[in-house]
Amino acid sequence: MSASEVEYAVKDGVATITLARPDRANAIDLSMYGAICERLAQAGADTEVRAILLEARGADFSIGEDFEYLGELEKNQRYGEWSQNYKGWIPVTWHNPKFVVASVRGRAFGIACELALLADVTYASEGASFGHPETRVGMVSHTVWPWLVGPKIAKEYLASGVSMSASVAHSKGLINAAFREEELDEHVHAFVADLATMPAGTPGANKKRINWAFRDVSRILHDDRFYDVDFEWTTAAREVDYAFYNSVANEGVTKAIKARDRKFEDK
């Protein structure tokens, strides 16, 4: 686990987990992914922790999967390592006994979008955006969008790979609120500080009761992960996926993305 890329601190009953790879827009590889999961589990098990705050350093929450890293996995025929591990958000967020709050600035894309949305409460700056642009290169994403915004909106955005602004995300119920950049920290910290003063276990108990009301979601999230039911869908999209990651590995991210986007230019 890379401690430098995922910072962890506990103060006044709040465990703060910070994505700290700003030079890469907090792009996530397996090491960082594992570190995030471990820190969330650690906070959930700590009796001194009353609430968990997820945030990030730099301009972006996270652009999602590290394409260069995935390109190397693909090149070395090790992509299975990613596909076997990328669903670990669910037990450490949705099923975490503690209340999880995400604070989002900039882009929250791909796997990081799911992390932010699986939090119990998601606040964002007005300049934030959410989405799964990786669908444009053939990746099929494990997502909670349908449960939050309904099938119509989920299909529109996930099928196209178009991102959603914070204001639209708020209006659709994808996030709880969007604040001006300079006001985000104040609102987030006030909320988690208030949670930390609640009687021990109360926010978590309410979380469990609400999740129980959505137990079909909980069951599906668990079964999807346990039985890997989306593997066939992902496999069906892999031909494009392979080509893109090989291009990343051989030519770099910038050239690969330019080549990809030529397919979507107006004729």
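The values are calculated or read from the model by the stated rules, or taken from the named source; none is laboratory data. Note that the coordinates shown come from a computational prediction; the quantities given were computed from them, not determined experimentally. Note that we place each Cβ from the backbone using ideal geometry, even for glycine, and neighbour counts take in every protein chain shown.
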The residue that is surrounded by the fewest Cβ atoms within 10 Å (Cβ to Cβ), considering only those in the stretch 197-224 that are under 18 Å from Pro97 (Cβ atoms) and modelled with pLDDT under 80, is Arg215
The one condition Ile111 fails out of (1) surrounded by 21 or more Cβ atoms within 10 Å (Cβ to Cβ); (2) in contact with a strand residue (DSSP E or B) (Cβ under 6 Å, 6 or more places away or on another chain); (3) in a helix (DSSP H, G or I); (4) at pLDDT 95 or above is (4)
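Across the stretch 8-44, what is the total count of residues that are under 28 Å from Thr202 (Cα atoms), in contact (Cβ under 8 Å) with a residue 24 or more places away in the chain and of a type outside the set (Lys, Arg)? First the steps, then the outcome.
Looking only at the stretch 8-44, we keep the residues that are under 28 Å from Thr202 (Cα atoms), and these are 8-19, 35-44.
Next, only the ones that are in contact (Cβ under 8 Å) with a residue 24 or more places away in the chain stay: 8, 10, 12-19, 35-44.
Right, trim to of a type outside the set (Lys, Arg) and you get 8, 10, 12-19, 35-38, 40-44.
Result for the stretch 8-44: 19.
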Of the listed residues (Ser165, Ser129), the one being surrounded by fewer than 18 Cβ atoms within 10 Å (Cβ to Cβ) and touching a strand residue (DSSP E or B) at 6+ places or on another chain (Cβ under 6 Å) is Ser165
Pairs returned, first residue in the stretch 145-166 that is more than 20 Å from Gly64 (Cβ to Cβ), second residue that is at pLDDT 95 or above, beta-carbon separation under 9 angstrom, 6 or more apart or interchain, are Gly150/Lys172; Gly150/Gly173
